1. Do the conditions hold for Ile57, that is, is it in a strand (DSSP E or B) and of a type in the set (A, V, I, L, M)?
2. What pairs come out if I take residues in region 221-232 that are in contact (Cβ under 8 Å) with a residue 40 or more places away in the chain and crowded, with 17+ Cβ neighbours inside 10 Å and pair them with residues that are outside any strand (DSSP E or B) and among the aliphatic types (A, V, I, L, M) whose C-beta lies under 6 Å away, six or more apart or interchain?
3. Would you be able to say whether some residue in region 189-211 is free of Cβ contacts under 8 Å to residues at least 60 places away in the same chain, farther than 21 Å from Val77 by Cα and either touching a Gly at 6+ places or on another chain (Cβ under 8 Å) or of a type in the set (Gly, Ala, Ser) (or both)?
4. Mind checking which residues of region 33-90 are modelled with pLDDT of 95 or more, more than 18 Å from Pro167 (Cα to Cα) and acidic (Asp, Glu)?
5. Return only the number of the condition from (1) of a type in the set (A, V, I, L, M, F, W, C); (2) at pLDDT 95 or above; (3) surrounded by 15 or more Cβ atoms within 10 Å (Cβ to Cβ) that Ala133 does not satisfy.
6. Filter region 66-109 down to the residues that are touching a residue at least 24 places away in the same chain (Cβ under 8 Å), at positive phi and surrounded by fewer than 18 Cβ atoms within 10 Å (Cβ to Cβ) and list them by number.
7. Taking the residues in region 191-203 that are out of contact with any Ser or Thr (no Cβ under 8 Å at 6 or more places or on another chain) and crowded, with 24+ Cβ neighbours inside 10 Å as candidates, determine which candidate is modelled with the lowest pLDDT.
8. Of the residues in region 185-229, how many are over 16 Å from the mean Cα position of the chain (by Cα) and of a type in the set (D, E, K, R)?
Amino acid sequence: MARDIIDDRLIGALHVRALSRAGLQHDSVDEHVAVQAGTLAALMEGGYDGDATLAEILNLGDLGLGTVQHLDGELIVLDGAAWAARADGRVDTLDGSVRTPFAVVCRFRPTASVHCEGPWTLVEVQDQIDRVARSGATAPADAIVAVRATGRFTDLRLRSVARQHPPYAPLRDVVAHQTEWHVDSAVGTVVGFRFPDAIAGVEVPGHHLHFLSDDRATGGHVIDLTMLDGDVQVQTCDDLHVELPAGVSLGTPGAVDRDDVQRVEGGHGGPVDAASGAATDPRRPPR
C-alpha cells in the first residue's frame, strides 16, 4: 500500500512517503503532513492525466494548489473547497469527481503569523514567510511551509494555461503560450507552499503561490504582487505523502533541472484583459 523513501536521500527531518492510490485513500489525516498527487517532474514531461480525484485530496487537506486533469487551469484549494482559474480568465468551482495529475494540500492549522502593514513586494512577502517559519521553535530548517496570506493586494500578475489535448507537449512548451492577468487591486487570499530544494522535482523548490479573490472572480498562479495590508499565516510540515499514478516514479529528489523549473514558474506568456477576463493574443498588447 505504501513505500517509505530512504531518509538520507533528503535532508534533516523531512520525510517523503510514496503511496499508491489505495494508500492515498487509506492515508491518515495529520496536521503536520502535506499530501500530494503526482510529481512536478512527471508534470513537466507532459503527464497531465491523473488518477486521484479532488474528493480524495480534499479528504486529507483543506488548503493547497496544483492543476486539474488535462492541465485545464490553476487549482486553488481554500477552506476545503476547490476552484480552477482557467486560461480565459474564468474562475470555476470544482466538484470532487474532477481528477488531478498534480496537487498538494495540507490540513492547515497555522503555527505562526505576521501582520502586514505594507506595502510589501512579493519578495518581501516571501521573506516574511521564511522569517515567520523560522521563528517556530520546533520548525526544522528544511520543513515544508504552508502559507495563507489574506488581505488587500495591488499590481497582481497572475497566469494560467489552456486545456491540453494528447499527444501532450512538455510543460515548458505549454507555458510559452500561457495567458497572464494584470489586476490593479483585489481583496483575497494567497495560498501555497515553500518547499526545500532537496525535493526539487517531486515538488517546486522554493515558494509556489496561487491567488483567489474574495468574490471568486479572479485567480491564478502568482507571478508578482504587492500586499498592502493583511495577515500572513504559516504552518510547518515535516512529512510529504505523494500518491504516484501508474507509470510515475518518485525519481531522485533534487535532480530536476532548475532552469526548466524557473521557465515553468516564471511569467512570459500573453496578457489577459483584467476588465473583461478575456484572453488576448500573446503577440498583441492588452486592450
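1. So Ile57 does not fit the description; no.
2. Pairs found: Leu225/Leu122; Met227/Val125.
3. Yes: region 189-211 contains one or more residues that are free of Cβ contacts under 8 Å to residues at least 60 places away in the same chain, farther than 21 Å from Val77 by Cα and either touching a Gly at 6+ places or on another chain (Cβ under 8 Å) or of a type in the set (Gly, Ala, Ser) (or both).
4. Within region 33-90, Glu56, Asp62, Glu74, Asp79 meet the criteria.
5. Unmet condition: (2).
6. Of everything in region 66-109, just one residue is touching a residue at least 24 places away in the same chain (Cβ under 8 Å), at positive phi and surrounded by fewer than 18 Cβ atoms within 10 Å (Cβ to Cβ), namely His70.
7. Restricting to residues being out of contact with any Ser or Thr (no Cβ under 8 Å at 6 or more places or on another chain) and crowded, with 24+ Cβ neighbours inside 10 Å, the top hit is Ile199.
8. Qualifying residue count, region 185-229: 4.
The values are calculated or read from the model by the stated rules, or taken from the named source; none is laboratory data. Everything quoted here is computed from the prediction, not taken from an experiment. For neighbour counting, all protein chains shown are included, and Cβ atoms are generated from backbone atoms with ideal geometry for every residue, glycine included.
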